[in-house]
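Everything below concerns the one structure shown next.
The values are calculated or read from the model by the stated rules, or taken from the named source; none is laboratory data. These numbers come from a predicted model, not from an experiment. Please note: Cβ atoms are built from the backbone with ideal geometry, for glycine as well, and neighbour counts cover all protein chains shown.
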């Protein structure tokens, strides 16, 4: 799980560097801030989904067999 999060952050940093390199004279700061917030929320959702999946998997051993 941590490896995936690190890869996502690395991709995010590379994308940010590419945007900064390709930026023209236009004011695009607000778009970048909104994108950063969306990426953080998506990363949090992925982490929460992983935690829920682990909890569900650990509870499967507690289900009695019929």
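Please specify each residue of segment 32-53 satisfying the condition of being at pLDDT below 90 and surrounded by 12 or more Cβ atoms within 10 Å (Cβ to Cβ).
Answer for segment 32-53, where residues must be at pLDDT below 90 and surrounded by 12 or more Cβ atoms within 10 Å (Cβ to Cβ): 32, 35, 36.
Evaluate the following for residue 3: is it part of a helix (DSSP H, G or I) and at pLDDT below 80?
For residue 3, the condition - part of a helix (DSSP H, G or I) and at pLDDT below 80 - is not met.
Being at pLDDT below 75 and surrounded by 10 or more Cβ atoms within 10 Å (Cβ to Cβ) is the filter here; which residues of segment 10-31 pass it?
Once the filter is applied, which keeps residues that are at pLDDT below 75 and surrounded by 10 or more Cβ atoms within 10 Å (Cβ to Cβ), segment 10-31 yields 23, 28, 31.
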